[in-house]
Amino acid sequence: MSGYKCARCKQKVEIDINVRCPYCGHRILFKERGAGIKTVKAR
Amino acid sequence: MDIAFSRLESEVAKFVLSESIPAFANSFRRTMISDVPKLAIEDVIIYDNNSALFDEMLAHRLGLIPLKTNLSEYKKKSECSCGGEGCSLCESVYTLSAEGPCLVKSSDLIAQNPDAAPVTGEIPIVKLEKGQKVVLEAHAEINTGLEHAKWQSTLACGYKTYPVITIGDNCDACGHCADECARHVLKLAKKSVEVIDGKLIDCSMCKLCEKACVGSGWEDAAIRISSDNTKFVFVVESDGSLPVKEIMTYALTDLKDKSDSLVDVLTNISGAL
């Protein structure tokens, strides 16, 4: 499962019930890109 | 049938197709647009992308970059001996690796085969801020505009019928028509207006000159605009992937092959009956 990153303090965050950064309380989180390689069609 | 070029460069051509019919002219235009194959990026393998553009958008922009194409070097994937898996005969591979801050351009696409590089290196792909990174591999293949517009080798490709300007004996050389003409096709001579040498091809048949002339009634108009349905003025522009001459030659050969196969089918049907 891919993790999230807080938009304010940039800490790595795990989401459980609340969508909120446990370090700074900010509620905007970015989903981090997975490690896998992605193939897309150029259309 | 005859073709007379008034302009022929590697990326633009203007010519008159004469002794023809509208059906052929339109077939020729449609074949040049949709049946001439060229290289374009189809599959993009993204290793890393934390730019502002999401993967699909980035891939779409890469697909639209015109690539230099040597039709004798590549063949369609469906016709390749590899069975469509992708090999050096049907596929061209590119790599892109860039880290911000910078503007990633088509010149950053490194082609495995330099003969299949992007036509120009100045096409912007994505703008990267500090810490943003794009690492990808792109696979280009041959196909036609019938499948997707990114495989269309012509940009502007169209025709108009050849204009015919008839100036009657009742022209009083008032010059209203010459003043009205937006393309500056007409000039005032001593006793009447006349078409400037070599400018007839520029006439857009807007009939503004006719309207200026008929101030005293339609029957009295001294200038009449009509078109010759056996002559067509073509303008063909290439995106740079193929020279215009090659596009035209390929399209005409393709049309001939299709006509021949149609004749064969009709012959077989009539033979069966």
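The values are calculated or read from the model by the stated rules, or taken from the named source; none is laboratory data. What you see is a predicted model, and the numbers here were worked out from it, not measured in a lab. Note that each Cβ is placed from the backbone with ideal geometry, even for glycine, and that neighbours are counted across all protein chains shown. These accessible areas exclude ligands, DNA and RNA; they are computed on the full protein's heavy atoms, side chains included. Shrake-Rupley method; radii C 1.70, N 1.55, O 1.52, S 1.80 Å.
Among residues other than B:Leu155 with Cβ under 10 Å from its Cβ, the summed charge is -3 (Lys and Arg +1, Asp and Glu -1).
If you bin all the Cα-Cα distances of the range B:229-273 at 5 Å, starting from zero, the percentages per bin are 5, 17, 14, 16, 15, 11, 10, 7, 4, 1. The accessible area of B:Arg61, taken with all protein chains in place and a 1.4 Å probe, comes to roughly 90 Å².
Mean separation of Cα pairs under 8 Å and 6 or more residues apart, divided by the residue count, gives the range B:1-71 a relative contact order of 24 percent.
Quick one: go through the range B:38-55 and flag any residue whose amide nitrogen is under 13 Å from the point 7 Å out along the Cα-to-Cβ line of A:Phe30. Those under the cut-off are B:49-54. With both labels modelled 7 Å from their Cα along Cα-to-Cβ, the A:Gln11 to A:Arg43 distance reads 4.5 nm. Across peptide B:136-142, the average count of Cβ atoms from other chains found within 10 Å of a residue's Cβ is 1. Per-residue ellipticity at 222 nm from helix content only, as computed over chain B with -39500 (n - 2.57) for each DSSP H run of at least four residues, stands at -7000 deg cm²/dmol.
Per atom type, chain B shows carbon and sulfur on 52% of its accessible surface, probed at 1.4 Å.
Of B:Thr166, B:Thr154, the order by accessible heavy-atom surface (1.4 Å probe, DNA, RNA and ligands excluded), from most exposed downward, is B:Thr166, B:Thr154. Placing a label point 7 Å from the Cα of B:Thr249 along the Cα-to-Cβ line, the residues of the range B:59-77 whose backbone N sits under 18 Å from it are B:68-75. With pairing defined as another cysteine C-beta under 4.7 Å, the cysteines of chain B that fail it are B:Cys102, B:Cys157, B:Cys171, B:Cys174, B:Cys181, B:Cys203, B:Cys206, B:Cys213.
For the range A:26-43, accessible area lost to neighbouring protein chains reaches 50 Å² or more, against the chain alone with a 1.4 Å probe, at A:Arg33, A:Ile37, A:Lys38, A:Val40, A:Lys41, A:Ala42, A:Arg43.
Looking only at B:Asp197, B:Asp254, B:Asp228, which one moves most when chain B is put into a Gaussian network model with springs between Cα atoms under 10 Å? For chain B, modelled as a Gaussian network with Cα springs under 10 Å, the answer is B:Asp197. Look at where the Cα atoms of chain A and of the range B:1-78 average out, and the two centres are 41 Å apart. Helix B:22-34 and the longest principal axis of the Cα set of chain B meet at an angle near 20°. A Förster radius of 25 Å, combined with the Cβ-Cβ distance separating B:Glu79 from B:Ile45, puts the computed FRET efficiency at roughly 0.55. Straight-line cross-link reach from B:Lys130 at under 18 Å between alpha-carbon atoms covers these lysines, not counting any fewer than eight positions away in the same chain: A:Lys5, A:Lys10, B:Lys105.
Buried between A and B is an accessible area of approximately 1300 Å², summed over both sides with a 1.4 Å probe.
Normalised per residue, the accessible area of the range B:203-273 is 58 Å², obtained with a 1.4 Å probe and no contribution from ligands, DNA or RNA. Spherically averaged projected area of the convex hull of Cα atoms, chain B: 22.2 nm². For chain B, the relative contact order is 27 percent, taking Cα pairs closer than 8 Å that sit 6 or more residues apart in sequence and dividing their mean separation by the residue count. Once the convex hull of all Cα atoms in the protein assembly as shown is built, its volume per residue stands at 275 Å³.
Residue pairs exceeding 18 angstrom between C-alpha atoms, taken from B:Lys14/B:Lys199; B:Lys68/B:Lys150; B:Lys38/B:Lys231; A:Lys38/B:Lys133; A:Lys41/B:Lys150: B:Lys38/B:Lys231. Taking all protein chains as shown and a probe of 1.4 angstrom, B:Glu79 keeps an accessible surface of around 120 Å².
A:Tyr23 contributes an accessible area of around 140 Å² to the protein surface, as traced by a 1.4 Å probe with all chains present. With every protein chain in place and a 1.4 angstrom probe, the accessible-area ranking of B:Val44, B:Val12, largest first, reads B:Val12, B:Val44. Hull volume per residue, based on the alpha-carbon atoms of the range B:38-151 and their convex hull, is 90 Å³.
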